[in-house]
1. Assess whether residue 122 counts as being in a helix (DSSP H, G or I), among the β-branched types (Val, Ile, Thr) and farther than 25 Å from residue 29 by Cβ.
2. Only one of these conditions is not met by residue 205: (1) over 18 Å from the mean Cα position of the chain (by Cα); (2) without any contact (Cβ under 8 Å) to a residue 40 or more places away in the chain. Which number is it?
3. Of all residues in the stretch 1-11, which are crowded, with 17+ Cβ neighbours inside 10 Å and either of a type in the set (Gly, Ala, Ser) or at pLDDT 95 or above (or both)?
4. Which residue is surrounded by the most Cβ atoms within 10 Å (Cβ to Cβ), if the candidates are limited to the stretch 199-226 and must be outside any helix (DSSP H, G or I) and small (Gly, Ala, Ser)?
5. Within the stretch 239-272, track down each residue that is part of a strand (DSSP E or B) and either of a type in the set (Gly, Ala, Ser) or touching a Lys or Arg at 6+ places or on another chain (Cβ under 6 Å) (or both).
6. Does residue 189 satisfy being assigned to a helix (DSSP H, G or I) and modelled with pLDDT of 90 or more?
7. What pairs can you find where one residue is in the stretch 256-282 and outside the structural domain of residue 220 (by TED's automatic domain parsing), the other is buried (at least 20 other Cβ atoms within 10 Å of the Cβ) and β-branched (Val, Ile, Thr), and their Cβ atoms are less than 9 Å apart, with a gap of 6+ or different chains?
Amino acid sequence: MAYSGDRILLVENDPEISDLIARQALKSVGYQVDVVADSSAAIKLSLQTPPDLIIADLNLPGLSTKDLLVALSAQGVTTPLLVIANKGQEHDVIQAFRLGAADYIMWPAREAEVVSAVERVIRGVHDIRDRQRLDLKLSETNQELQRKIREMAAIINIGKAVISINEQRFLFQKIVDGAVQVAGANTGWLLIRDQESRAFLLVSHRGLPDVWAKKMNKPLDDGISGLVALSGETLAIEGEPLLKFRVANLGKSACAVPIKVQNEVIGMLVVVRREAVPFGRSEQTLLEAVTDYASISLVNARLFRAVSESANVAKDREKQQNALLESIRSSISEELQAAVYPIDLLLTGKPGKLTDEQRQVLQTSRAALQRLARAAEKTTPPISIKLKKQ
């Protein structure tokens, strides 16, 4: 059974054999057959449009079929060759096999024998092509898998950076580098909105020319970021439509992705390719994943600042409270000292002799003051009062 579209080149100078093989045997079952009379013509035609199979008579005039095999091999033609041999030429057939022949037909042969031999070689040709297609498909699949692995590795590295890098400058650079990698871009930059001026400032980039890179920490008007800030949607643009924007000076294809917090655009991630190769949906999705990490890092930074500010407020309040307590402690210490002094003076007996009952009252009062002093010492900050022993 002929395979649709298969072309056979028959090299035969005998018109009767050519007619039997080409018209009666092969064309009748659906093969396309070209006929030439010598090896030189066969070589020329094989180089121009390589056939699926070559059938050549071993008894050709001029260049022999063995010379034809050598010439085709030297020119890199891999088309299989089936030889036609007369009985008694078995030795020549073996030599042809050594030179690369795929099969043979002993002449005279019936039409069915010709078709059977041709189909046997053609099946082998198709098996080789099927394996080549499978190998190519496997190679393409492996390349796509490797690309996906690189993309996932880049995304994972960005995620690790978000939770491990505290310095935003380094984190922003990681985000830009990862975005350029997963998008297969040549240039990329990150714009973050300043909370006071509300302008979008260039905070990180990769591959920007010097005239653009000098805008670090300053507003950067690339032409497309303003549209993304207003729409809040990813914008991919390439070719002629890109020419109306300044970013066209950097490449022929661009993609800008907003960085959002609760639907509020707080920044933009822009990547550019030199060639007019559009950013596909899968690449836009990867870039949106990168911007999600950027959004998380910015929210974390805000929370960190809020916690730091709250901690500073708490520290200031604690200082004020400690100062107040210190003032109270100092006041109590002075009052206790003032109260203890006259009691100690009376107990000395210098102002006048005391009765036992008066001495008992004074000692009781003094003991109460001592208990109050010990209680004051346990406060925070501690109140230190020294009483003279009697």
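1. So residue 122 does not fit the description; no.
2. (1)
3. Answer for the stretch 1-11, where residues must be crowded, with 17+ Cβ neighbours inside 10 Å and either of a type in the set (Gly, Ala, Ser) or at pLDDT 95 or above (or both): 2, 8, 9, 10, 11.
4. 204
5. Taking the stretch 239-272 and keeping what is part of a strand (DSSP E or B), we get 253-261, 264-272.
Passing the criteria: 253, 254, 256, 266, 267.
6. Numbers: assigned to a helix (DSSP H, G or I): no; modelled with pLDDT of 90 or more: yes.
Judged against the criteria, residue 189 is not a match.
7. Hits for this filter: zero, empty list.
Here's the yes/no breakdown for (1) without any contact (Cβ under 8 Å) to a residue 12 or more places away in the chain; (2) of a type in the set (A, V, I, L, M):
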site	(1), (2)
25	no, yes
30	no, no
36	no, yes
54	no, yes
70	no, yes
82	no, yes
108	yes, no
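The values are calculated or read from the model by the stated rules, or taken from the named source; none is laboratory data. On a predicted model such as this, the values are computed, not experimentally measured, just so you know. Here the Cβ is made from the backbone with ideal geometry for all residues, glycine too, and neighbour counts use every protein chain on show.
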